[in-house]
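*Asks:* Here it is, the structure in full.
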Amino acid sequence: MNHLLKADFYRLFRSKFYYILVGVAFLLAVLTFALYMAIVRFASAEAQLQIGAMTAEDFQKFSFDGTVGYCAAIAAAIFICGDYAGGGIRNKVLTGCGRKDIYLSKLVAVTFVSVCVYLATQLVVFVCGSIGFGWEGASAYDVASRFAAGLFLAAASGAVFTAISMLSEKLSLSLIVSIVLLFTLSLVMSLLTVAQVYFGSKAFDWFVRVFGWLTPMGQVTLLMGGSHDYWIMSAFSCAWILLSVFVFSRGFQRRDLK
């Protein structure tokens, strides 16, 4: 297992896509910060009274925009399917490397990328957000718990897209399945959130809440909306990681590699 991890991380750190994804995520977070600063600077007095004072905690909520999920999907597709295409995974199996070890090594590498992307966005939140908005009135518990929930969410995204790429094998198929899944879940969650306003039912509110807990993209919408179910969402994220390790990995172990 150790030599597989060393080989994967050696390949990862020599790959341009890793630095590009982290860099793009960081720049997007900076652009988002600049946009909010412009809104606060140029908004009319009446609008500022209606919106209220912008804080770094608000900016932290807005940072959960789905960037981590899309970057995890791209990272898994490029890193894993590229190894399939080059014959790397097949060669590892032929030389006696255990399939579960191969799967876990890929899972650790992709999750690492996903977490790095998340940390890049949060660096902007805590540095630029602190300078530009400040944390006045923010709850230290909420800020720390939201950060932790996002960390688990990033790891869960890496686990889910590792499974998709390991089972898809082909770059195009992996990207299509992952992007369509992300878009569909995001769209459904957005529609359900809008429907809450019109239904006005506690039962429907609970349905939307639980549906959001179930998937990383649903959690993104909840965190962006100010949900405080941090540890429930973290528990569901851990469940996705365990599913990837103990269930989805079996699909790879049974595949006939060509």
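The values are calculated or read from the model by the stated rules, or taken from the named source; none is laboratory data. Keep in mind it's a predicted model, so treat the numbers as computed, not measured. Cβ: placed from backbone, ideal geometry, glycine included. Neighbour counts: every protein chain shown.
*Asks:* Test Ala138 against the stated conditions and say whether it is in contact with an Asp or Glu (Cβ under 7 Å, 6 or more places away or on another chain) and in contact (Cβ under 8 Å) with a residue 60 or more places away in the chain.
*Replies:* yes
*Asks:* Step by step: first the residues of the range 173-188, then only those that are buried (at least 20 other Cβ atoms within 10 Å of the Cβ) and of a type in the set (Ser, Thr, Tyr), then the one that is farthest from Ser157 (Cα to Cα). Which residue is that?
*Replies:* In this case the residue turns out to be Ser174.
*Asks:* Same structure again: Could you pull out the residue among Leu243, Leu223, Leu214 that is under 19 Å from Ala149 (Cα atoms) and crowded, with 19+ Cβ neighbours inside 10 Å?
*Replies:* Exactly one of Leu243, Leu223, Leu214 is under 19 Å from Ala149 (Cα atoms) and crowded, with 19+ Cβ neighbours inside 10 Å, namely Leu223.
*Asks:* Turning to a different aspect of this structure: Looking only at helices (runs of 4 or more DSSP H) that lie completely in the range 74-188, which have at least 2 residues being at pLDDT below 95 and closer than 30 Å to Met54 by Cβ?
*Replies:* Correct list: 99-132, 140-168.
*Asks:* Continuing with the same structure: With polar (S, T, N, Q) and either on the phi > 0 side of the Ramachandran plot or touching a residue at least 24 places away in the same chain (Cβ under 8 Å) (or both) as the only criterion, which of Ser172, Ser201, Ser234 stands out?
*Replies:* Ser234
*Asks:* While we're here: Kindly provide the set of residues from the range 200-257 that are closer than 23 Å to Ala109 by Cβ and not in a helix (DSSP H, G or I), ordered by number.
*Replies:* Thr215, Arg254, Arg255, Leu257
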